[in-house]
Each structure stands twice: as structure tokens, then as C-alpha cells.
1. So which residues in the range A:64-122 are part of a loop (DSSP other than H, G, I, E, B) and in contact (Cβ under 8 Å) with a residue 40 or more places away in the chain, if there are any at all?
2. Which condition number in (1) in contact with a strand residue (DSSP E or B) (Cβ under 6 Å, 6 or more places away or on another chain); (2) under 20 Å from residue A:106 (Cβ atoms) is the one that residue A:51 fails?
3. Of the conditions (1) closer than 18 Å to residue B:14 by Cα; (2) out of contact with any helix residue (DSSP H, G or I) (no Cβ under 6 Å at 6 or more places or on another chain); (3) modelled with pLDDT of 95 or more, residue B:60 satisfies every one except a single condition; which number is it?
4. Can you find a residue in the range A:123-141 that is in a helix (DSSP H, G or I) and either more than 14 Å from chain B (Cβ to nearest Cβ) or more than 30 Å from residue B:101 (Cβ to Cβ) (or both)?
5. Go through (1) under 19 Å from the mean Cα position of the chain (by Cα); (2) at positive phi; (3) surrounded by fewer than 23 Cβ atoms within 10 Å (Cβ to Cβ) and name the single condition residue B:119 misses.
6. Quick check, is residue B:167 more than 14 Å from the chain's Cα centre (by Cα) and under 20 Å from residue A:188 (Cβ atoms)?
7. Which residue is farthest from residue B:17 (Cα to Cα), if the candidates are limited to the range B:168-187 and must be in contact (Cβ under 8 Å) with a residue 40 or more places away in the chain and touching a helix residue (DSSP H, G or I) at 6+ places or on another chain (Cβ under 6 Å)?
8. List every residue pair whose Cβ atoms sit under 7 Å apart, with the two residues 6 or more apart in sequence or on different chains, where the first one lies in the range B:135-147 and is more than 12 Å from chain A (Cβ to nearest Cβ) and touching a residue at least 24 places away in the same chain (Cβ under 8 Å) and the second, anywhere, is surrounded by 14 or more Cβ atoms within 10 Å (Cβ to Cβ) and assigned to a loop (DSSP other than H, G, I, E, B).
């Protein structure tokens, strides 16, 4: 029972980390029809820049606050000055965007490697957990406090994203854009600015996940690619563009990865992909996917 | 000097002037030099058969399908290269052919987004909704729960929230029962009486002529006739060849 509870909480923690990544990816895809494979790069950027901020200030909280801002700025600029102009010139195919952003992911990995490893010689990097979140807490089992913090943070972000999308006029603009981008423009909305803001916000969440992971796990050159794969699975499971689906998809993937590792280690390597294949065969639009259109 | 200037300048009461518009979808040449003019306070009906280029003309004016060449002037400003949202904010309301109602937004959210985009207050909404009592009873309904007539009314109400000088409508009577067509017509007559100019594309010629002060007939992307409804009446060959009515 203790073992199960421990793994359940670990699964929940991983789920929340993946959710922070996937929610940006799915909203960007739903609204702009861009498959942003560079999302893993923004996760990396958050972690590495968070590390730099942490080294300078020695504060986890400042690093959590400032680290993701670089991801936000870069995401905004990428969408506004690179992706959108390409789309306007007719490069709208998913493959065009996937190839470009995939290239950007590896460019970022190379650049980070050049700076942090080749130049500065840093290998094992991590951000120290803040005082008070660095030890264990007794909740029936002794459980790392920091992991509970990650779970809480994920739930808060999920609630905030839901409130933003469901209850505000900005959220209504985004939902309208998922239904019919052209009509949103025809209502007087500067949709390019909305696109860039949403893209930046999604990248900010990826950066936030990066800092969080930088203190919980470790910071290394492969982290962006490693997180990208379960993230993509979540987006497919939940249905492209669906936040609700993204939340449940993240729970399923996080739990599957953690519990299969704990109970059936032989399955762990491919359990997630089994899930993905089954979904694509039986319900390719995902749990909450729908045909988005005006009525 | 002044006489020379007036020769080149558009008519003093012209609100929208489109001159020699050429528009393409990819490689196919859709509009071959379309020109039209909407005067202040008046309604121009743009008529023609399916595929004549009527919708493309409207989309070109609001920049959704930008012209490759030609010039569009609105309220004495060159809007040819404006992004769509800027033309809308400068005072053009656009109601597209499929009405453009969002299935996942409530009626209130449709109106909120339009108010937000055009920086208008709730007072503007309350003012506009006086024209649409049935819409105001359905504020919490989602777009997909509305009937065709209600969707059309919402699309018009939404376009009016920016307080436009010109309202552009693409076949507002399409798919509506005759009694609802009359309701849309009466609503548009009231909007016109309030001083808003209208550019109307219609298949329903009777409804269009009930509203129009002038008529432009399109066929295969070129203008075949421009004149008053009475002048159109006097040309049965135009009506027969390009509109399919005698």
C-alpha cells in the first residue's frame, strides 16, 4: 500500500510536469495549426536560464520567476518574426513547420552544449530546492515535499489556464480562433498579436516546467528531447487543441510511465507507445478531440 | 485648378470606392478589374450568378483575400493593403457567407469579443441589441444551439458592435425561411435608416432590390452593369443573361 501510494504520487508529479509542457503545445496547435517540435527547446531554455539565474541570485524562487521569461520572449519573437511570415508566404503544411521547429530544437541543443559544456565545462547541473521544500513530509508515508509542490503547482496552473480560456474575453478570442481564425480577423482582432502572445505563453509554461524539473531532476542536454516525446503522446491522446483532454492525457501518460516502471518494468519502455498506437487505431481524434468549425 | 482636382478625386459622397480590383486564388484569376462604389447612407446591391465573383469581391475589400492590383478607398483613406482587422476597426462591419458563428462561444462571448476588439463599451452592445430582441434573450446559448435565423441576426449584431459606417453582408438570406428573410430585410432597412451604408451580396434579387439605391451586376469576375434599380428594370437582357430572371 505504501509502495503503491508512493508511486501514485510520483505518477501524479510526472503527469503535472508533462501537463505544463503539453497544454502550451496543444493550444498552439489548436489555434495556429503549428506543430511546434521546438517546444522541448523552450523547456531546456527555461531550465538553463533558470540555472544561470539561480547561480547569480542563489534563490530558487527568483529563478522560477525569471527563468521562464526568456522562453516567453523567445517564443513570442519566433512566432511573430519567423513562423508567421513563413506562413504568410504559404509555408503552411504541418511538415514545413515540424521540420523547421525540429531543426530549431537541435540548434538549441547544440548552442546550449557549446555554451555550458564546451565553453564553461559544466556537466552535472541542477537548481537547489528552496528551504522548506528540500526534505520529506509525513503524509502517511514519508514523501519528498518538493514533489508535492510540483503536484500543487501543476494543479494551480491547470485551474488558471482553464479559467483564462473559459472565463475571460481573451480566452473567448482563443476559442473562437480555434473554431475559425478568419472570422476572428473579420471581427477586428489583430490575430497575429494574439498568436504571438499565446505562443509566448505556451513557451513560458514550458520554461516553467524546465525550471521545476531543473530542481527536481537534473539539467542536461537531452532533457528537451526526453520530455517532448511523452508530451506529444499526451497531445494525441487528449485530442489536438483540447485543454481538458490534455489534462487527462497527461494523467494517463504520467501514471502509465510511473506505474509500469514500478510494477512491470519489462513493459515500461513501450507502455506509452502501446497506448498511443491503440488511440490512433480506435479514436484518432483523441478523447476530447472534435471537428473545430463554425456552425 | 479645383476642377482638375475634382476630376481625379472620387465623388464627394463616396464612402467606399474600389477601382480595377484584380484578385487571384493561387493561379486562378477570379476578379478581372472589378470597380464599384458605395455612397454614404446608401445601399449597393452586388448581384450575379453563383461563381460570378461576388464573395471574392467582398473578401478583397476587407483584405481576407487581398487584391493583387487595384485600389480600395474607404472614407478617403487608402485601405488596399490594410490587414483585415485594421479595415474592420476603421469602420467596416463584415458578415460572411457562412455567418461565421463560433460553435464553442456563447452569444454573450461573441458580442464581448467584438466589443473588446473594437474597444467599445457595453453601452454600444445594449444600443445594438435594441434591434435584436431575440438575441438578447439568448445570451447564454452557444452558437451551435441557435437557429439559422438567430445565427444570422447574431452575425449582423456582432458586425454592428464596432459602430461601422459601412456594413458588408454576403447573402444574409441564404438558407432562411421566407418569413425570416423578411425579418432580415426589415432589420437591414432600419440599419440603413440609421445612416449606415450597406454593401449587399444577394441571390434573392427581390430582397436586394427592396434595399438597394444602386445595383452592380457581376459575371465571371467583371462588372456587366452599374445603375439604379429602375435602370436595371429597363434592361431585361441584363436581368436575363446575368441574373437568370426575365
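1. Within the range A:64-122, A:92 is the sole residue that qualifies.
2. Condition (2) is where residue A:51 drops out.
3. Only one criterion is unmet by residue B:60, namely (1).
4. No - not one qualifying residue is present in the range A:123-141.
5. (1)
6. So residue B:167 does not fit the description; no.
7. Here the answer is B:172.
8. The qualifying pairs are B:138/B:146.
The values are calculated or read from the model by the stated rules, or taken from the named source; none is laboratory data. No experiment lies behind these values; they were computed from the predicted model shown. Neighbour counts run over all protein chains shown; Cβ positions are idealised from the backbone, glycine included.
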